[in-house]
Amino acid sequence: MKKVIETIQLTKTFFLGDVKVHALRGINLTIYEGEFVAIMGSSGSGKSTLMNLLGCLDQPTSGEYYLNGVITSKMTKNEYANIRNQNIGFVFQGFNLLPRTSALENVELPLLYDRHGRVKNPIQQAKDALKKVGLADRMDHEPNQLSGGQQQRVAIARALVNSPSLILADEPTGNLDSVTSVDVFSLFQELNDNGITIVIVTHEREFAKYARRIVEVKDGLILDDYEVKNRLNAKEDMARLKHDESVVVVEEKS
Amino acid sequence: MKWKNLFKVAFKSLLKARLRSLLTTLGIIIGVSAVIIMVAIGEGAQREIEKQINSLGSNLIVIFPGASRTGGVSRGAGSFNRFTMDDVKKIEEESLLIKAISPIIRSGGQVIGGGTNWNTAIYGVSPSYLEIRDWELEYGEIFTERDERARSKVCVLGSEVAKNLFPNQNPVGEMVRIVNTPFKVIGVLKEKGQTAMGASNDDLILAPASTVLYRLSGGRYIHFIYASAASIERIAEAQEELRQIMREAHRLNPGDDDDFTIRNQTEITEAASESSEVMTMLLGAVAAVSLIVGGIGIMNIMLVSVTERTREIGIRLSIGARGSDILIQFLLEAIVLSLLGGLLGILISIGTIYALNEYSTLAAELNLFVVAIAFVFSGFVGIFFGFYPARKASALNPIDALRYE
Ligand SMILES: Nc1ncnc2c1ncn2[C@@H]1O[C@H](COP(=O)(O)OP(=O)(O)O)[C@@H](O)[C@H]1O
Ligand SMILES: [Mg+2]
């Protein structure tokens, strides 16, 4: 099977004045096409640092990172930008949408920076991405007119719009309530079922069970790496939650 | 990124902060319109002065009492010989290169006529004065040599005087009292229009020089001598000839300085337009400073905007914008802002110049070259003052920019 991600002894050290912070201390991680990996770990264990390296938002202090079989450590800044634009969709905990900008324009944004001439009709492509995340009727809404879950869906649509081979999401449900979180996971499961490789950071064990594989990180090292047994289906959970809600409502009425 | 998209991104950002964009560009608007309006007013004044001096007639030579002032020190009145009718007569008799000559005796006072009164200037001149000035008569005729010799109490009214004393009628043949002396009106001058220098060529009365000299001013002296050279090609020779005659008339020894000044029309025009050119340049320079201040204003706001929009820059970088895309976006924003400011400034200045010409006595002349320069300059202001903030924005690391609070 094709390797999407392969890291060899990846380290990242931050320098705060004289103090060195070893955020990553040698990560060896291989992720194959079509996988759905959940990265878990306590706060400060280095999950975000790892995601930023995988997303080509930051460069490692040492070690190698092969993306789709291509080594990234010798790339220029512009090649990094191209990879972010073409190969990776990044979803943040804080959504990171442009304020006072419609959902459609937010989703269209990566297409505007496309320099490969692949994009024939950016607006149509952005509309299709928004339809995929179920926001066809919210295209003209600006972020402050959308709920948290909807904003995250817009962000996911933006990550999807360039049809990347890899989606990286750093605690995408960190700012959302549990029902909305399950809803967002159902979207990720659906995308994964369609063949997109997904790496997601979460520190909720039950959400991690929506993934196929769990990687546990501690103090900048991989502590554990295993297949998910009894994988959960977010769509079913969603249906049950809705049913429970209606039951609660019915009980209140009686 | 395609240029079309770059423009799209830059325009959208500007439109999103309309008020700030407008305030940012206000400095440029004011700077550009100030430059254009100031230069227009300066050039309008210059043109006006030139027009007036040209209206003197191109063969004109003026002789002023007193040495040329270019030395800086002008001797006090009385230390120089004033002109007399003898000087005028001597020139008339001896000059070969002068075709007409007239003394000018300035007087003034109240004129009563047609049941009303009017204060105006009275000039004692010779009959050839009209020819020298290239003036024409509306009614009647000018006085003659005989009137001059006889000190006749006849006069020619300027059109404004005629209008005020004898509205809607031909005053020829009427009597007026000039400072209590009765004069007969024998002619009226054609209207020559308003002058910007203040003195009107219509609000005056002409009378024979001898009459004014002996009956009104009671003195012996005349204030200027106007002469008309026989040909414009030989105007310098005519000036030299006049100089020799005047030196002789004033009995100056070979080593003495002239106690009079001779100027021809071109020299007067040059001196006047030179000084108004300096004024135009000064006005323009002061206004240019305000344009630079406007540019600094743009830089200021762009710098604030880079800091304020660090997250936005981070977002753009994270989805694949290159540093150069960010650089060009910010640079374009600055250039679009300043060009827009330039354009608005041009529109405002054109409106102002139109209003000045229409509703005020100031004459302003739109200089298209200055308009073009101001517009191009405002573009450069955008590039120059936008570059530093844009560079700053483009050098950001995506993750640092995203982390920025
Ligand atoms: N830009 C940075 N400068 C200095 N230290 C950092 C920086 N980013 C992360 N760190 C440190 O690296 C460690 C890992 O951080 P992070 O990857 O954000 O953890 P997690 O996402 O798992 O909570 C932490 O100790 C954090 O303080
Ligand atoms: Mg984190």
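The values are calculated or read from the model by the stated rules, or taken from the named source; none is laboratory data. What you are looking at is a predicted structure, and each value in this text was computed from that prediction instead of being measured. We place every Cβ from the backbone using ideal geometry, glycine too, and count neighbours over all the protein chains shown.
Quick one: in region A:163-174, of everything that is under 17 Å from residue A:133 (Cβ atoms) and either surrounded by fewer than 23 Cβ atoms within 10 Å (Cβ to Cβ) or polar (S, T, N, Q) (or both), which residue is farthest from ligand 1 (Cβ to nearest atom)?
Checking each candidate, the answer is A:163.
Being away from chain B (no Cβ under 14 Å) and not basic (Lys, Arg), is that true of even one residue in region A:88-95?
No, region A:88-95 contains no residue that is away from chain B (no Cβ under 14 Å) and not basic (Lys, Arg).
From the list B:291, B:317, which residue is within 14 Å of chain A (Cβ to nearest Cβ), surrounded by 22 or more Cβ atoms within 10 Å (Cβ to Cβ), part of a helix (DSSP H, G or I) and among the hydrophobic types (A, V, I, L, M, F, W, C)?
B:317
Out of region A:46-83, which residues are away from every other protein chain (no Cβ under 13 Å) and of a type in the set (A, V, I, L, M)?
A:67, A:70, A:71
Which residue, of A:190, A:204, is acidic (Asp, Glu), away from chain B (no Cβ under 14 Å) and within 16 Å of ligand 2 (Cβ to nearest atom)?
A:204
Could you tell me which residue of region A:79-98 is farthest from residue A:158 (Cα to Cα), considering only residues that are crowded, with 21+ Cβ neighbours inside 10 Å and within 16 Å of ligand 1 (Cβ to nearest atom)?
A:92
Mind telling me which of the residues A:49, A:11 ends up being in contact with a Pro (Cβ under 8 Å, 6 or more places away or on another chain) and either over 26 Å from residue B:404 (Cβ atoms) or of a type in the set (Val, Ile, Thr) (or both)?
Selected residue: A:11, the only one of A:49, A:11 that is in contact with a Pro (Cβ under 8 Å, 6 or more places away or on another chain) and either over 26 Å from residue B:404 (Cβ atoms) or of a type in the set (Val, Ile, Thr) (or both).
Give region B:320-343 a look and list any residue that's of a type outside the set (Gly, Ala, Ser) and either in contact with an Asp or Glu (Cβ under 7 Å, 6 or more places away or on another chain) or within 14 Å of chain A (Cβ to nearest Cβ) (or both), or say none.
B:322, B:325, B:326, B:327, B:328, B:329, B:332
Say we look at region A:25-40 and pick out the residues that are β-branched (Val, Ile, Thr) and within 22 Å of residue A:173 (Cβ to Cβ); which of these is farthest from ligand 2 (Cβ to nearest atom)?
A:31
Residues being at pLDDT 85 or above and β-branched (Val, Ile, Thr): count how many of those fall in region B:378-405.
The qualifying residues number 2.
Go through (1) away from chain B (no Cβ under 14 Å); (2) surrounded by 21 or more Cβ atoms within 10 Å (Cβ to Cβ); (3) within 16 Å of ligand 2 (Cβ to nearest atom) one by one and return the number of the condition residue A:43 breaks.
Tallying (1) away from chain B (no Cβ under 14 Å); (2) surrounded by 21 or more Cβ atoms within 10 Å (Cβ to Cβ); (3) within 16 Å of ligand 2 (Cβ to nearest atom), residue A:43 fails exactly one: (2).
Out of the residues in region A:1-38 meeting the condition of being closer than 17 Å to residue A:196 by Cα and within 16 Å of ligand 1 (Cβ to nearest atom), tell me which one is surrounded by the most Cβ atoms within 10 Å (Cβ to Cβ).
So, considering only residues that are closer than 17 Å to residue A:196 by Cα and within 16 Å of ligand 1 (Cβ to nearest atom), the one surrounded by the most Cβ atoms within 10 Å (Cβ to Cβ) is A:38.
Has region A:158-179 got at least one residue that is more than 14 Å from chain B (Cβ to nearest Cβ), out of contact with any Gly (no Cβ under 8 Å at 6 or more places or on another chain), part of a helix (DSSP H, G or I) and away from ligand 2 (no atom under 16 Å from the Cβ)?
Yes, that holds for at least one residue.
Residues in region A:3-31 that are without any contact (Cβ under 8 Å) to a residue 40 or more places away in the chain and not acidic (Asp, Glu): how many?
Here the count works out to 8.
If you check every pair at least six apart or on different chains, which have Cβ atoms under 6 Å apart with a residue in region B:166-190 that is without any contact (Cβ under 8 Å) to a residue 60 or more places away in the chain first and a residue that is surrounded by 13 or more Cβ atoms within 10 Å (Cβ to Cβ) and among the β-branched types (Val, Ile, Thr) second?
Taking only residues 6 or more apart or on different chains, the pairs are B:171/B:185; B:172/B:185; B:183/B:176; B:184/B:154; B:186/B:154; B:187/B:142; B:187/B:156.
Among the residues in region A:99-118, are any of a type in the set (Val, Ile, Thr), surrounded by 17 or more Cβ atoms within 10 Å (Cβ to Cβ) and more than 16 Å from the chain's Cα centre (by Cα)?
Yes, region A:99-118 has at least one match.
Select, from A:118, A:84, A:100, the only residue that is more than 16 Å from ligand 2 (Cβ to nearest atom), of a type in the set (Lys, Arg) and either modelled with pLDDT of 90 or more or in contact with a Phe, Trp or Tyr (Cβ under 8 Å, 6 or more places away or on another chain) (or both).
A:84
Got a number for residues in region A:97-117 being touching a strand residue (DSSP E or B) at 6+ places or on another chain (Cβ under 9 Å) and acidic (Asp, Glu)?
0
Are there any pairs, at least 6 apart or on different chains, whose C-beta atoms fall under 9 Å, with the first in region B:378-405 and away from every other protein chain (no Cβ under 12 Å) and the second away from ligand 2 (no atom under 16 Å from the Cβ) and not in a helix (DSSP H, G or I), and if so, which?
Sorted first by the residue in region B:378-405, then by its partner, the pairs are B:393/B:309.
Go through (1) within 12 Å of chain A (Cβ to nearest Cβ); (2) basic (Lys, Arg); (3) within 17 Å of the chain's Cα centre (by Cα) for residue B:8 and report which single condition fails.
(3)
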